[in-house]
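Accompanying notes for the structure given below.
The values are calculated or read from the model by the stated rules, or taken from the named source; none is laboratory data. Predicted model, so just to flag it, every value in this text is computed and none were measured. With ideal geometry, Cβ positions are generated from the backbone for all residues, glycine too; neighbour counts draw on all protein chains shown. For the accessible areas, the whole protein counts, side chains as well, though only heavy atoms, and no ligand, DNA or RNA atoms are used. Shrake-Rupley method; radii C 1.70, N 1.55, O 1.52, S 1.80 Å.
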Amino acid sequence: MNFIQQQHLIISVEKAGPDKLVKQSFPLRFGKYSEIKTPDFEFCFNLNGEIKSIRGLKPDWPHPAEQFKRTAGNDWIYYTVGDKSGDDGIISWMGEYYLPCLPYSSNPVWEIKYFSNPVVMSALAEWSQLFANLYTANSKGLYPHAKDLIKRILVNDERILYERSQHLNKIIGGRVSVLPPDTRHVDYDIIPLTIADGCLYHCKFCCVKTQQKFQIRSKENIYEQLRALKDHFGDDLVNYHALFLANHDALAAGENLICFAAEEAYQAFGFRQRMDQKPFLYLFGSVGSFLEAKPALFEHLNRLPFYTYINIGFESIDSETLSLIGKPITSEQVKEAFEKMIEINAAFDQIEVTGNFVAGDNLSPEHERSLADLLKYADSKKQSKGAVYISPLKETSKKRELLPRFYKIKEESRLPVFVYLIQRL
């Protein structure tokens with residue numbers, strides 16, 4: 001219900017968007033949320049009263065589809081439609097209608113300097129002003145029909161929001177330093193559950209590397225995380241439709257632990273099928289763990305009440321490039337794993353394996369040629385499955401100049417090809 005009161009605020013205590021995740025060119029709120037509108041801005045809150053997004057409403061706002069979004073990690077990310085649309089614009093290379101502009105160091109190929117636009121940056125100042133106005137309204141007993149919502153919002157000031165993000169990190173044993181590229185399908189809104197720490201490889205090129213040796217978590221630890229995560233997400237848990245089994249190579253944890261964690265999380269978090277859409281399960285895998293994975297693992301994953309994405313770090317099929325970036329695998333292993341990816345995607349309806357390759361200025365010339373050939377002649381049986389992501393190396397100086405080469409590879413590929421931006425939770 002909407003209640004119009006003083007201060008020119010329109011407060012919608014409870015709104016409901018689509019129950020099913022859909023892709024739209026205009027911001028479409030999924031699930032249940034609350035909304036407050038001023039003459040200039042729209043503010044959305046989750047069911048815990050935490051601020052989630054801010055969108056400008058005045059004509060000088062860059063674009064009606066652009067907005068700020070606050071993540072569970074307490075980062076403010078600006079979503080832009082970019083400065084170019086069409087076949088070679090954002091939709092083409094991201095697979096989405098928007099580009100997340102990250103407030104931390106990453107590997108962007110298209111830099112939008114939103115922070116230099118005073119209209120855009122005024123949104124965050126306006127949020128502070130709204131918070132102050134709500135504090136005054138609460139003390140004066142204004143907006144009686146929205147008093148419970150206002151109290152929930154006021155509990156979540158900047159200090160509390162930061163502390164909650166730190167508490168989430170403590171529950172799972174550290175911040176999620178990188179999300180799988182396929183989490184774009186749920187706008188990066190996932191519940192993280194750590195089933196293994198460290199990774200099998202410690203590649204020289206990796207900008208999210210960990211010094212930890214690979215080690216799986218115990219089932220007791222997973223139960224502890226599930227209880228704490230359920231309490232942490234609280235009322236807003238109903239809005240989540242995806243689980244990320246962390247961290248850098250969860251696939252190496254093996255069938256027993258992966259499927260145990262997924263099944264227990266499904267029950268603990270109350271996941272359910274929404275219309276014809278199953279909840280999503282995401283995990284990373286290395287070339288080694290993927291090659292070692294037995295058919296029984298994929299058969300079990302396919303029976304789970306999830307649609308599962310497994311993202312594999314191939315990086316290159318060129319031996320010289322693999323050596324240069326410090327990836328301790330051979331080009332033959334990459335080719336074998338790539339062929340296995342295609343086979344798994346063809347064999348299982350509820351599993352989609354995707355792969356990552358790097359791009360950069362100083363790699364071997366053979367790297368791009370061999371990658372282009374690999375994708376051009378891929379014996380894909382289901383060409384809509386198994387996206388390939390190209391990730392610019394962080395130290396590449398002129399990333400946007402990579403785009404023409406990206407388009408050429410994309411045009412000739414038999415698989416979907418997109419750019420992978422390193423995004424954390």
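If Pro108 satisfies every condition in (1) more than 30 Å from Ile195 (Cα to Cα); (2) not in a helix (DSSP H, G or I) but one, which is the exception?
Exception for Pro108: condition (1).
Identify all residues within the range 248-288 that are within 30 Å of Ile317 (Cβ to Cβ) and in a strand (DSSP E or B); write none if there are none.
Hits for the range 248-288 are Phe280, Leu281, Tyr282, Leu283, Phe284, Gly285.
Please return the ranges of strands (runs of 3 or more DSSP E) entirely within the range 303-397 where 2 or more residues are hydroxyl-bearing (Ser, Thr, Tyr), out of contact with any Gly (no Cβ under 6 Å at 6 or more places or on another chain) and at pLDDT 95 or above.
307-315
Would you point out the residue of the range 112-125, among those that are assigned to a helix (DSSP H, G or I) and not small (Gly, Ala, Ser), that is farthest from Pro62 (Cα to Cα)?
Leu124
Only residues in the range 379-401 that are farther than 20 Å from Asp182 by Cβ count as the first member; pair them with residues that are at pLDDT 85 or above and not in a loop (DSSP other than H, G, I, E, B), Cβ under 9 angstrom, at least 6 apart or cross-chain, and list the lot.
Qualifying pairs under 9 Å: Asp379/Glu339; Asp379/Ile342; Leu393/Val358; Leu393/Ala359; Thr396/Ala359; Lys399/Ala359; Lys399/Pro392.
Report the residue count in the range 100-125 for those that are at pLDDT 90 or above and either crowded, with 16+ Cβ neighbours inside 10 Å or in contact with a helix residue (DSSP H, G or I) (Cβ under 7 Å, 6 or more places away or on another chain) (or both).
Selection size over the range 100-125: 7.
Looking for whichever is out of contact with any helix residue (DSSP H, G or I) (no Cβ under 7 Å at 6 or more places or on another chain) and closer than 21 Å to Ile329 by Cβ here; the options are Ile422, Ile390, Ile344. Which one fits?
The unique qualifying residue is Ile422.
Are any residues in the range 126-147 part of a helix (DSSP H, G or I), surrounded by 12 or more Cβ atoms within 10 Å (Cβ to Cβ) and not small (Gly, Ala, Ser), and if so, which ones?
Glu126, Trp127, Gln129, Leu130, Phe131, Asn133, Leu134, Tyr135, Asn138, His145, Lys147
Only one residue in Leu154, Leu149, Leu179, Leu161 is under 19 Å from the mean Cα position of the chain (by Cα), modelled with pLDDT of 95 or more and aliphatic (A, V, I, L, M), so which one is that?
The match here is Leu179.
Rundown of residues vs (1) of a type in the set (Val, Ile, Thr); (2) in contact with a Pro (Cβ under 6 Å, 6 or more places away or on another chain); (3) open to solvent by less than 50 Å² (accessible area, probe 1.4 Å), yes/no style:
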site	(1), (2), (3)
Phe306	no, yes, yes
Glu315	no, no, yes
Thr321	yes, no, yes
Lys327	no, no, yes
Ile344	yes, no, yes
Ala359	no, yes, yes
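Need the failing condition index for Val81 against (1) closer than 30 Å to Gly360 by Cα; (2) open to solvent by 50 Å² or more (accessible area, probe 1.4 Å); (3) not charged (D, E, K, R), just the number.
Here Val81 clears every test but (2).
Can you find even one residue in the range 216-228 that is within 23 Å of Lys32 (Cβ to Cβ), modelled with pLDDT of 95 or more and either in contact with a strand residue (DSSP E or B) (Cβ under 9 Å, 6 or more places away or on another chain) or not in a helix (DSSP H, G or I) (or both)?
There is at least one residue in the range 216-228 that is within 23 Å of Lys32 (Cβ to Cβ), modelled with pLDDT of 95 or more and either in contact with a strand residue (DSSP E or B) (Cβ under 9 Å, 6 or more places away or on another chain) or not in a helix (DSSP H, G or I) (or both).
Scan the range 408-418 and tell me whether some residue there is assigned to a loop (DSSP other than H, G, I, E, B), closer than 30 Å to Asp75 by Cβ and not small (Gly, Ala, Ser).
yes
Test each condition in (1) of a type in the set (D, E, K, R); (2) closer than 28 Å to Arg175 by Cβ; (3) at pLDDT 95 or above for Lys23 and report the one that comes out false.
So the condition that Lys23 fails would be (3).
One line per residue, one yes/no per condition, for (1) assigned to a loop (DSSP other than H, G, I, E, B); (2) in contact with a strand residue (DSSP E or B) (Cβ under 7 Å, 6 or more places away or on another chain); (3) modelled with pLDDT of 95 or more; (4) farther than 30 Å from Glu411 by Cβ:
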| position | (1), (2), (3), (4) |
| --- | --- |
| Glu35 | no, yes, yes, yes |
| Glu42 | no, yes, yes, yes |
| Gly49 | yes, no, yes, yes |
| Ile54 | no, yes, yes, yes |
| His63 | yes, no, no, no |
| Phe68 | no, yes, yes, yes |
| Gly82 | yes, yes, no, no |
| Ser85 | yes, no, no, no |
| Ile91 | no, no, no, no |
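Given Ser384, Ser380, which one is of a type outside the set (Val, Ile, Thr) and either open to solvent by 30 Å² or more (accessible area, probe 1.4 Å) or under 30 Å from Glu111 (Cβ atoms) (or both)?
One residue alone meets the criteria, Ser384.
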